[in-house]
Ligand SMILES: [Zn+2]
């Protein structure tokens, strides 16, 4: 698992989103949840596509 940082669109707080490697041999592409809730304000954020 890899940690990615995203900024909440509403309050600007930094959120840590866990990414799961897409393939066993691949370490550069991670599968991230499409949506996550901000820990600070609870706003629903969407993960930008890569
Ligand atoms: Zn927020």
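Here are a few things to note about the model shown:
- With 0.36 nm allotted per residue and the present C-alpha distance subtracted, the residue 37-residue 11 stretch has 8.2 nm of extension available.
- Ratio of Rg to Rh over the chain (Cα coordinates, Kirkwood Rh, two decimals): 1.02
- Point-to-point label distance, residue 29-residue 1, nm (Cα→Cβ direction, 7 Å offset): 2.3
Coordinate-derived values only; no laboratory data. Computed from a predicted model, the values in this text were never measured in an experiment. Counting neighbours? That spans all protein chains shown, and the Cβs are built from the backbone with ideal geometry, glycine included.
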